[in-house]
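Remarks on the structure that follows.
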Amino acid sequence: MTATPRGQRKSAAATKLGTVPTALLRRIEREAGGAAAKAAPAAWMRAVAHACRAELAERLNETMQADRDSGAKRVHYLSMEFLMGRALANALAALGLDAPFRQAAEHAGVAAADVLEREPDAALGNGGLGRLAACFLDSLATLGVPSFGYGLRYRYGMFAQRIQDGRQVETPDDWLRLGDAWELPRPELRYPVGLGGHVASDEGLARRWVPAQTVYADAIDFIVPGHDTRRVAVLRQWQAAPANPIDYAAFSRGDHLGAAREKLEAESLNWVLYPDDSTQAGRELRLKQEFFLVSASLQDMLARHLAEHGTLDTLGDKASVHLNDTHPALAVPELMRLLVDEHGLGWDAAWAQTCKLVSYTNHTLMPEALETWPVRMFEQLLPRHLEIVYEINSRFLDLVRAKLPGDEALVRRVSLVEENGERRIKMAALSIVASHHVNGVSALHSELMVQTIFADYARIWPERFCNVTNGVTPRRWLAQANPTLAAVLDERLDGPAWRTDLDRLAQLAPLARDAGLQAEVRAAKRANKERLAALVRRELGVSIDPASLFDVQVKRIHEYKRQLLNLLHVVARYQAIVAEPNANWVPRTVVFAGKAASAYVAAKDIIRLIHDVARVVNSDPRVGDRLKLVFLPNYGVSLAETIMPAADLSEQISTAGTEASGTGNMKFALNGALTIGTWDGANIEMAQAVGREHFFIFGLSAEQVAQVRALGYDPRLHYEENARLKRVIDAIARGDFSPGEPERYRALVESLLKRDSYLLLADFHGYVEAQAAVDRAFIDTAAWDAKAILNIAGMGSFSSDRTIREYAARIWNVPA
Ligand code: 26V
């Protein structure tokens, strides 16, 4: 032991470090209360996170100071979901601390990977929409766009999925149990949020909301580092607190539960992320959550603007409010209420500011996912907001009558109030009416959006609708998830600059047939496949061959995404192998992962069928290594980071016209997988960027899907005509995969043969042919590698940096 300048004693490990940066080690020793070498990986994780947070907090102060000084316009990105995943590896990379951390860990004899894996995923989102918001924060920080992400601090995030007897079981995701090492509480930022009550008029006839109940919203910041910059972005998450944590009257009566009621009610706002991206759950708590998010965020924005500018007249020039889908659409009436009722603006001035501020992204065409709220519930919870919505509606309908006279049917259709059956408020309509821009998330989706669900609004305001194709952050989805391939790129692209300038990937295209590059890319893929094979063995006890073709579909389980079509092909292949075991089979490993919404019975049946088929296929000695089927439980961001770099084939097989964009498709291609996919969402733009000949496209187009449906689709015709398809469906219907319960898939089979809402049977033949083309391509290793390289090379424009630049230039009007 040696004495430090401060007279403290250094541990042996720290002493040995010599020139290795020791601040990290000292911190770990301080926090873990002893030698770094003896500290548990979880203690390391927290201590390293705290070290990063301290540096990030400094950068946050700098960023905010700079934006105040320059009077910058801020973007306020409102989202009910931010699917952040883990933060540590990203923070270390952004802060340039990755190498020091690894060295320190090595010196202490601690495995760096173990430390990183101790961090729980922040799974505060369901799927694509939430992960997109997280990628956007990364790009906002990296591009230095003055911005705030606003969300809720859910106590329990996306449920954890366990598989019991082949069935999904949901368990709470207790991600905050260890305390979030990243949080930066902001006790000075607290806003009151009302709920319920009534509306009163004062003598001047001004209307004012008198809420029955008030909760406080406390800000907790999560700092998002930028890469290659000291700038950061911030995700501000709201935590509800009761105005009166204890009701003393109830308490002294001995009614302890009653005494805690207000506290419990307030805290219920942060209780859980709604685990449903398929149907509108229609629950009152969800409406409260949405209002809570919106009210706190807007109050925070107004307070900042007033502190900086002293007037609300310039609000629309200095702020932008973006709605990530309609979940934060209450921002429209709440902003109007704050401006008119609280800050005394006239209606017209307030509406002008609101329309200057708000923009909205639609993320789905599925009609059942469009949010509406019963007027009755709305009125009980937000009586003043309902009045404001009615006023917005009445002025809007006047405008429609003036613009397109004589079409009362149109007026009824576009009204913000749905009048058929129980009266409901249409949140998409409310969002469109207040937005200066409404965008879809891929070229096809944006086109269909104005041709179908929003056709009437596009007639009224054609110039309002536009497209901004999604993107993903290459920092997480390539540099962090795939360090082996990243090292190849660093070598071939003259250094690490591609991380913030993804267009540089195009320089790989001329090298696609270079045998040296092919070997490097293949070796990286092989290493990632071995890593995944090890995980599969650990998790499932199944051994899969890294030399086989890894065919992967990972995403939320949903009928429109057609995991079942994939499975029909697996069964067809299984039957063909058994019939002809000595044919020249290209060995395949089919990998699934994904969660089903807890109430979505059909999706849960698909998970069960995957498990039933897997049991039969994997244990059939006639099949051997020719075919393996695995389902990895508890899909999430971190699991995706391991799975995607290991894929040879990416399954993007939604019924054309149903997948708004997809972003998994981009992550796979960026990591050198080829895509088998339909002409849907962003697949189209990806295929165009890469070259159709390097994509496996099959199936009906969106236009053909619409035609088939219009003509009256009969799935039975395909079943009768296609012997291979018939054998597959008959096997499932007979109970070949559920011998103990032959009727298990009766509903599933019946739904396929009677309705087949997503046209699986119509696309089956094309899909199987495309899969045969995949086999043929895979055995020509050099040709496959060239395609993989061309796919990577074509992904430059699918960086979320490009996406955010487009939002900044075309929608938010801020520099980026
Ligand atoms: C709806 C609801 C309804 C109430 C309960 C909670 C909840 C959560 C989410 C949703 C809508 C989800 C829409 C969505 O995730 N869309 C996906 O967005 C991705 C990013 O734009 C896109 O790539 C996917 O294609 C699209 O499905």
Accessible surface of residue 216 - all protein chains present, 1.4 Å probe, nearest 10 Å²: 70
Amide H within-cut-off set for residue 151, under 5 Å, with H built and near neighbours excluded: 236, 237, 238
Protection proxy ranking, peptides 432-440, 139-147, 383-391, 486-494, average beta carbon neighbours within 10 Å, highest first: 139-147, 432-440, 383-391, 486-494
Distance (nanometres) between label positions extended 7 Å along Cα→Cβ at residue 773 and residue 463: 4.3
Estimated D of the range 671-816 in µm² per second, where Rh is the Kirkwood radius over Cα pairs and Stokes-Einstein applies at 4 °C, 1.567 mPa s: 70
Two-site FRET efficiency, residue 579 against residue 746, from Cβ-Cβ distance with R₀ of 25 Å, rounded to 0.05: 0.45
For the range 797-804, 3J(HN,Hα) per residue [Karplus equation, 6.51 cos²θ - 1.76 cosθ + 1.60, θ = phi - 60°, Hz, x = Gly/Pro]: 7, 9, 7, 5, 5, 4, 4, 5
Net charge of neighbours whose Cβ lies under 12 Å from the Cβ of residue 428, counting Lys and Arg as +1 and Asp and Glu as -1: -2
Diffusion coefficient, µm² s⁻¹, Stokes-Einstein with Kirkwood Rh over alpha-carbon pairs of the range 581-620 at 10 °C and 1.306 mPa s: 130
Per residue convex hull volume, Cα atoms of the range 143-243, in Å³: 220
With DNA, RNA and ligands ignored, accessible area of residue 208 (1.4 Å probe; Å², nearest 10): 110
Contact order relative to length of the chain, as percent, for alpha carbon pairs under 8 angstrom and 6 or more apart: 12
Estimated translational D of the range 632-677 in µm²/s (Stokes, Kirkwood radius over Cα pairs; 37 °C; 0.692 mPa s): 293
Listed peptides 679-686, 77-84 by packing density, highest first (mean Cβ within 10 Å): 77-84, 679-686
Using θ = phi - 60° and Karplus 6.51 cos²θ - 1.76 cosθ + 1.60, couplings along the range 139-147 (whole Hz; Gly, Pro as x): 6, 4, 5, 5, 7, x, 6, x, 7
Computed [θ] at 222 nm, deg cm²/dmol, the chain (DSSP H ≥ 4; -39,500 (n - 2.57); rounded to nearest 500): -14000 deg cm²/dmol
Cα extents of the range 324-455 along the three principal axes, largest first (Å): 43, 32, 31
Dimensions in Å of the range 17-146 - Rg and Dmax from alpha carbons: 16.9, 49
Within-15-Å neighbourhood charge of residue 803 [Cβ basis; K, R +1; D, E -1]: +1
Cβ charges +1 (Lys, Arg) and -1 (Asp, Glu), total dipole of the chain, debye: 1560
All-pairs alpha carbon distance profile, the range 700-782, 10 Å steps from 0, percent: 16, 38, 29, 14, 2
Residue-wise HN-Hα coupling along the range 315-330, computed from phi with Karplus coefficients 6.51, -1.76, 1.60 (Hz; x: Gly, Pro): 3, x, 8, 10, 8, 9, 10, 10, 9, 7, 6, 8, 4, x, 5, 5
Sites residue 200 and residue 503, calculated FRET efficiency, Cβ-Cβ separation with R0 56 Å, nearest 0.05: 0.45
Spin-label pair residue 527/residue 708, simplified geometry with 7 Å Cα→Cβ offset, distance in nm: 4.3
Intensity falloff of the range 231-370 expressed as log10 I(q)/I(0), Debye formula with alpha-carbon point scatterers, at q = 0.21, 0.22 Å⁻¹: -1.26, -1.31
Where only C-alpha atoms are counted, convex hull volume of the range 544-621 per residue in Å³: 93
Rounded to whole Å, sorted largest first: equivalent-ellipsoid semi-axes of the range 233-278, Cα gyration tensor: 30, 14, 5
Evaluated at q = 0.13 Å⁻¹: base-10 log I(q)/I(0), Debye formula over Cα of the range 596-730: -0.79
Relative packing of peptides 195-201, 45-51, 474-480, 631-637 - highest average C-beta neighbours within 10 Å first: 474-480, 45-51, 631-637, 195-201
Farthest positive-ward along the chain dipole, Cα basis, beta-carbon charges - from 34, 469, 783: 34
Other-chain or far-sequence residues with amide H under 5 Å of residue 472's (modelled H): 799, 800
Extension gain, residue 717 back to residue 618 (0.36 nm per residue minus Cα-Cα distance, nm): 32.5 nm
Length gained when the stretch residue 513-residue 423 is fully extended (0.36 nm per residue, less Cα-Cα span): 26.2 nm
Relative counts (whole %) of C-alpha pair distances in the chain, using bins that are 20 Å wide: 15, 46, 33, 6, 0
Over 29 Å (Cα to Cα) - which of 263/595; 754/787; 561/726; 288/595; 604/667 fall in this group: 263/595; 754/787
Sequence-distant aspartates and glutamates (8 or more away, or on other chains) whose Cα lies within less than 16 Å of residue 318: 67, 69, 300, 308
For residue 659, distant residues with modelled amide H under 5 Å away: 681
Binned Cα-Cα distances of the range 380-473, short to long, each 5 Å bin given as a whole percent: 3, 12, 21, 23, 17, 12, 8, 3, 1, 0
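The values are calculated or read from the model by the stated rules, or taken from the named source; none is laboratory data. Only a predicted model underlies this, so the values are computations on that prediction, with no experimental measurement involved. Neighbour counts run over all protein chains shown; Cβ positions are idealised from the backbone, glycine included. With ligands, DNA and RNA removed, areas are computed over all heavy atoms of the protein, side chains included. Shrake-Rupley method; radii C 1.70, N 1.55, O 1.52, S 1.80 Å.
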